[in-house]
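Report on the following structure.
The values are calculated or read from the model by the stated rules, or taken from the named source; none is laboratory data. Predicted model only: the values in this text are computed from it and were never measured. Here the Cβ positions follow ideal geometry from the backbone for every residue, glycine too, while neighbour counts run over all protein chains shown.
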Amino acid sequence: MRLLLAALFSVSLLAGGGGTVTVKQASFMAEVAVTPQETSKGLMYRQSLAKDRCMFFVFGEDGYHTIWMKNCLIALDVAWIDAEGRVVETSEYVPPCSPMRGDDCPTYGGTLPARHFIEFPAGTFKRLGLKKGDRLGWDLTLDDGRALHGGLPMPRAKKK
């Protein structure tokens, strides 16, 4: 019963959908930010992010997508990726920005064109050895039911 309640609670935390991101054979449960409201909120006010979680920010086209850590309470590792899932830029241990600073928070990344970016718990890149040029994959379902797959092929479930 506890497991079922935990699963239901975690689903309610999902933003614009959910799914899986695979990085160097490690799988992450992904929350998805699609709308301008979701991408603006991101991981604001979160006090933690489990080491097997991430947030995938979906954009319809390549651009210089910076992140702003306003009201973020945790440090993050961020990867900007192209449409094929290749990491084009990274920022490690991006520090939180206290709500006490108001709008006076720095921006990070977005110095190269990227299609999407993904936020992971700080320390993920060091733990996995992720670097610019590496590739990752994603298998996401958006709130409107659309599927979004890309990057490296995702591992298939083993038949029993």
Practice task
Residue by residue through segment 109-136, note down the ones that are closer than 25 Å to E61 by Cβ and surrounded by 19 or more Cβ atoms within 10 Å (Cβ to Cβ).
Solution key: G109, A114, R115, H116, F117, I118, E119, F120, L130, L136
Exercise for the section: Answer yes or no: is there a residue in segment 125-145 that is at pLDDT below 95, touching a Gly at 6+ places or on another chain (Cβ under 8 Å), among the hydrophobic types (A, V, I, L, M, F, W, C) and under 17 Å from G18 (Cβ atoms). Expected result: yes
Handout entry: Residues being under 22 Å from A33 (Cα atoms), basic (K, R) and in a loop (DSSP other than H, G, I, E, B) - total across segment 121-147
Key = 1
Exercise for the section: Check off (1) more than 29 Å from G145 (Cα to Cα); (2) without any contact (Cβ under 8 Å) to a residue 40 or more places away in the chain; (3) assigned to a strand (DSSP E or B); (4) not aromatic (F, W, Y) for E31 and give me the number that stays unchecked. Expected result: (1)
Exercise for the section: Output the residues belonging to segment 19-76 that are among the basic types (K, R) and in contact with a helix residue (DSSP H, G or I) (Cβ under 6 Å, 6 or more places away or on another chain). Expected result: K24
Practice task
Being buried (at least 22 other Cβ atoms within 10 Å of the Cβ) and not in a loop (DSSP other than H, G, I, E, B) is the filter; apply it to segment 58-86 and report the residue that is modelled with the lowest pLDDT.
Solution key: I67
